[in-house]
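Visitor: Before anything else, here's the structure in question.
The values are calculated or read from the model by the stated rules, or taken from the named source; none is laboratory data. What you see is a predicted model, and the numbers here were worked out from it, not measured in a lab. Glycine also receives a Cβ, built like all others from the backbone with ideal geometry; neighbour counts cover every protein chain displayed.
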Amino acid sequence: MRSILFIQTLVFLLVFSCASNKSDASSDVLEQDSLDQIVKNGNSLLWRVDGPDIKTSYIYGTMHMINKEYFSFPDFLQSKIKASETIIMEVDGIPNPLTTFQMLALDTGTVHSYFTKEQHIELLRFMDEKMGLSPEVFDMTYGKMKPFLIMQTITQKYFEADAQSYDLMIMALAAENKIPIVGLETTEEQLGFFDQISRKAMADLVMESVYSFEQEQKEMDKLMQLYAKQKVDKLIPLLQKQSPEFMEFADLFLYDRNKRWIPKLIAEMQKNKSFVAVGAGHLFGEQGIIDLLKKEGYEITAINMNPVE
């Protein structure tokens, strides 16, 4: 959950083509707004956005990866996606594989130079014992790459082999129903955030993943449970507790991005009935998307994803 988890989506995105025209939705789907059931305590991942200058739209907090046992994609949620005129996600379009590789590769030197001698010994031991990568394989795989890729590998280990992705499911629905996808950022922009962190800080983030691997693996499972139950009031505090060292960069990875997104979201919702799908960590708190949209004068309502008929 610490990293933005780009690599898991690359293969899919490289063969994925987003159509630019939306097919006509059936009238029963378009009338779903009247069936919305409000969640008064706010414990929901799905929120409706209303305002005099926008088309009624929805915001959904995703988890980029989640173990299959916790994955749920109810029909009601799918109906909101299918009824939208545009889908707004964190990343736009199909990443260029060459550009992505170039951004992950070091310009000079090796990844080993990021770490102190003691850190390097611990890292190689961990990658050998926990990741099954010998020092030789580690060097061949990561030697010329940025430390982010090491973090990515460690983070992937938190999840089971059959882990699901809400992002990919939403993209698949978009393709199936010919709904255009609008990106708030490019993959290049997202990967570029890690270049703004100092070498020492980046090494410390990697080593924190190493030192607390087992504990964070347990907390990730708890995080997935809370997400599946939509316990928002407990989910966000756990996110902050789980990665305090990462929260030092909260402005870079969360809050500044949220602020930049608001004008883009409003502009798109003024034109189209939109379905917004971004990481759940971006939604909540005083600097989250929900509160920021409220400050702009919009009405935001928590909606039950499993309404009782």
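Visitor: Only one residue in LYS200, LYS229, LYS157, LYS178 is among the basic types (Lys, Arg), more than 16 Å from the chain's Cα centre (by Cα) and closer than 26 Å to GLY42 by Cα, so which one is that?
Guide: Checking each option against the conditions leaves just LYS229.
Visitor: All but one of (1) modelled with pLDDT of 90 or more; (2) in a helix (DSSP H, G or I); (3) of a type outside the set (A, V, I, L, M, F, W, C) hold for GLY281; which doesn't?
Guide: If we test GLY281 against (1) modelled with pLDDT of 90 or more; (2) in a helix (DSSP H, G or I); (3) of a type outside the set (A, V, I, L, M, F, W, C), just (1) comes out false.
Visitor: What do you reckon, is LYS234 free of Cβ contacts under 8 Å to residues at least 40 places away in the same chain and within 30 Å of ASP75 (Cβ to Cβ)?
Guide: yes
Visitor: Still on this model: Find the residue count for region 211-226, including only residues that are buried (at least 17 other Cβ atoms within 10 Å of the Cβ) and either within 14 Å of PRO237 (Cβ to Cβ) or β-branched (Val, Ile, Thr) (or both).
Guide: The qualifying residues number 3.
Visitor: If only one of ILE81, ILE88 is under 11 Å from SER274 (Cβ atoms), touching a residue at least 24 places away in the same chain (Cβ under 8 Å), part of a helix (DSSP H, G or I) and β-branched (Val, Ile, Thr), which one is it?
Guide: On inspection, the qualifying residue turns out to be ILE81.
Visitor: Also, quick follow-up: Test GLY192 against the criterion of being surrounded by fewer than 13 Cβ atoms within 10 Å (Cβ to Cβ) and either in a loop (DSSP other than H, G, I, E, B) or under 19 Å from the mean Cα position of the chain (by Cα) (or both), and give yes or no.
Guide: yes
Visitor: What pairs can you find where one residue is in region 256-267 and closer than 17 Å to VAL91 by Cβ, the other is outside any helix (DSSP H, G or I) and not charged (D, E, K, R), and their Cβ atoms are less than 7 Å apart, with a gap of 6+ or different chains?
Guide: Close Cβ pairs satisfying both conditions: ASN258/GLN287; ASN258/GLY288; TRP261/LEU184; LYS264/LEU184; LEU265/ILE88; LEU265/VAL276.
Visitor: Considering only region 112-160, state which residues are closer than 13 Å to MET207 by Cβ and among the aliphatic types (A, V, I, L, M).
Guide: Within region 112-160, ILE121, LEU123, LEU124, MET127, ILE150, MET151, ILE154 meet the criteria.
Visitor: Let me ask another. Within region 54-86, work out how many residues are over 20 Å from the mean Cα position of the chain (by Cα), farther than 21 Å from ILE289 by Cβ and among the acidic types (Asp, Glu).
Guide: Within region 54-86, residues that are over 20 Å from the mean Cα position of the chain (by Cα), farther than 21 Å from ILE289 by Cβ and among the acidic types (Asp, Glu) number 1.
Visitor: So which residues in region 244-286 are of a type in the set (Asp, Glu) and under 26 Å from LYS234 (Cβ atoms), if there are any at all?
Guide: Answer for region 244-286, where residues must be of a type in the set (Asp, Glu) and under 26 Å from LYS234 (Cβ atoms): GLU245, GLU248, ASP251, ASP256, GLU286.
Visitor: Here are the criteria: (1) under 13 Å from ASN304 (Cβ atoms); (2) at pLDDT below 95; (3) crowded, with 22+ Cβ neighbours inside 10 Å. Tell me which single one ASN43 does not satisfy.
Guide: Among (1) under 13 Å from ASN304 (Cβ atoms); (2) at pLDDT below 95; (3) crowded, with 22+ Cβ neighbours inside 10 Å, ASN43 violates only (3).
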